[in-house]
1. How much length would be gained if the chain were fully extended between residue B:216 and residue B:20, taking 0.36 nm per residue of separation minus their Cα-Cα distance, in nm to one decimal?
2. Summing Lys, Arg as +1 and Asp, Glu as -1, what charge do residues with Cβ under 10 Å from the Cβ of residue B:403 carry, residue B:403 excluded?
3. What is the fewest-to-most order of A:103, B:127 by other Cβ atoms lying within 10 Å of their Cβ?
4. In the stretch B:94-492, if every C-alpha pair distance is counted and binned at 20 Å from zero, what percent goes to each bin?
5. Hey, could you grab the Kirkwood Rh for the stretch B:172-313? Inverse mean 1/r over distinct alpha carbon pairs, Å, one decimal.
6. Rounded to the nearest 500, what is the 222 nm mean residue ellipticity of chain B from helices alone, with -39500 (n - 2.57) per DSSP H run of 4+ residues and division by all residues?
7. Apply the a/c threshold of 1.5 to the C-alpha gyration tensor of the stretch A:44-87 and tell me whether it is rounded, prolate or oblate.
8. Can you give the net charge of the other residues whose Cβ lies under 12 Å from the Cβ of residue B:34, counting K and R as +1 and D and E as -1?
Amino acid sequence: METTCILVESWGWLTMTGAEKKIKVLLAKLGLEVHWRGVITVAGMLRDAGMEVIYVGNAFPEQIVKAAIQEDVDVVGISTLGGNHLTQGGELLDIAARSGIKDSTLFLIGGVFPPYDEPRLREIGFDGIFAPGATRGEIVGFIKEAMATRATT
Amino acid sequence: MSQKKTTKEMMKKTTKEILAQKVEKEGRIPLYNPEALQKIREEMEQWKSTVVREEDRNNWYVTPSTILGSQIPRGMLYTPLDNADLDYLRDLGFSGKEPYTRAIHANLYRGRRFTIRQLAGFGGPEDTNKRIRFLLDHGATGVSIIFDLPTIQEYDSDDPMSKGQVGMCGVAIDCVDDMATLFEEVPLDKVTVSLVSHYPTNTAILFPMYLEMASRRGIDWSKLTGSVQNDLILECVVRSAPEYIPPRDCFKIQCDNMEFTRKNVPGWNLVTFNGYNLRENGTSAITEMAVATANAIESLDEMVRRGHDVDWVAERIAFFWSPSNDFFEEAARIRAMRRLWYQIMKHRFDAKNPRALWMRCHVQTSGISLFREEPYNNIVRAAYQGLASVLGGAQSMHIDSYDEAYSVPTEEAALVSLRTQQIIQAETAVTEVVDPLGGSFYVEALTDEIEKRILDEVTEIEEMGGMVSAVEKGWLHKKVAKYAIEEQKSIEEGKINIVGHNYLRASDLDLPEINVFRYPEGVEERQKENLRKLRQKRDSRRVEGCLSQLREACQRGENIVPYCLEAAKADATEGEMFQVFKEAFGLWKPPVYW
């Protein structure tokens, strides 16, 4: 498969365009977190599943919400392995709620976090939580199902 | 003469071309005599057609599907025919003697067992200090410090960008005072310390802080032993970050660190060419070593250009590898790299000092090979990886903990990692014999093949204009992303078997939950308060003066490390120094592929 080359601006992004009504996903590394293997792998999975993917690299809660609004995305997926999932994850959902996009957007988080934090992540407002080992089927299936449910309600 | 030919002639020779020219081919003495080989060949044909099943005959070569493997096909049985032209003295020789295939020391682990160097870092410096002392009290023989997200990314704990991340994933260090707390009561003149400073820019800030801390404790720098990482591949390729400086400047700082350290801290390893994180990020057993080698070659070229004696510089460089699941490949790889590095140093750099000919390495078992399901299985995985590294002759080791797919290791899990190494050393007797796999038809064939493939990839990089150019062009970013995505697919498709994850997954196991590490609380507030006090008590005019001198040194192209040291002495913070780098060198946008 041909790898797609996208040059990401420092705080900007380029979009993969495609057919109409694709599910549009914004992906970001949360805050100062350093590992990019997971998020890039997920970006590839979602593209292969026919979604439009925007990857903004490292971004902070406010920037993520701003980008989500500007790009009018359906899904926001953040990745972190570094332990900031509750602190910055919480801030992200707070800002999303204040900006009025929390209910209209699907918020997902993936990465390494202790199992005891998972209920807390749900309380904060993440719709989907994906720990290491989450499969393509689980991630893509979750998004498609959630989008289908939203379309019918 | 055509223009084209002139340009080609002017081009630098690749390392492969130099080795092809200089490594003597004449006068080889094959270990196996032609008559015996002929007899073996005939008998083998006979055996294959009569004893071996047709199915096995037709599938003689199998390419193992393993995490981060090399994709080298393996025969079903190895014989002297696979090492037909082996010249014992030239290709293997004796331990502690050229070409060092067997080991860098004659007595290897009999003289000195591998250093047990467990990684530690979380919370504030006082929290990690406790963990360091716990590990040392239980027999660790070295210390390895990992820094938190803001420290790795070079922001202060009170920077708005650091909010909610202080002390996460490592220890928070902002200034010399924090270094002092981190190493309180740790005998720095006796214990070797590895600062996992990752990046060149980071090293240029944190290592001077370490040195200044030692000075304040009255410890002479000549007594300090240990290492920094200082690797541009980590800074510009492996890392995801909000802000990067350009690779070319980063490379320059990498070399500045090497130069400064060599001149001022004689017992310190000035660079650890880091294959580990690159491989974990997504690359093969081969590329990991090829990239580190290409970076090492380019760095030494630069050191020579700066007028330094290669023997003097190279005796203090080290490598860092990630042993993964393919057991014999991991042992063979370390042997292959040792022989290749010797040849490069001897024939490309004309090194004479034996220490400069050694490929010395630290290994850390593979984190990416650990899985969340049935976490205790990870103890077994890491133990095999550690054992393979010892059979390969590694100098120092960290064994990953079984709970790392959940969080930073608990004390309990860190102790199991420590004990795994001690069991290898004290209970298995593998350290009594040097290079126990040497002479195995299989391992020698694998060693040859791996060495050849590493050199092929080094050549590919050199033909692109070297490692820095390959990074600037995005070649490595692309290669790594492609590998990671393909490997993920192989796991999904069940080509790579992971017990308990995608292979023999148990649905009915009722395992007790493991303890998972909890970060200490209040670290961010403590660090912020300490910084507030520091900024109040220090001489801010002196700090500003030091920072502006650092900025000018960056712009003049001078070695910047002495200026970083002055800034550290004045209690400048990490974030303040990184700010200077960003202003002086500008920012770079790395390519992203998926």
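Derivation of every value follows stated rules applied to the coordinates shown; laboratory data play no part. What you see is a predicted model; the values in this text were computed from it and never measured. Cβ sites come from the backbone with ideal geometry, for glycine too, and all protein chains shown count toward neighbours.
1. 65.4 nm
2. Net charge around residue B:403: -2.
3. In order of increasing Cβ crowding within 10 Å: A:103, B:127.
4. With a bin width of 20 Å, the distribution comes to 28, 63, 9.
5. After inverting the pairwise mean of 1/r, the radius is 15.8 Å.
6. -15000 deg cm²/dmol
7. Oblate, since a/c reaches 1.5 and b/c is not below a/b.
8. Residues near residue B:34 contribute 0 overall.
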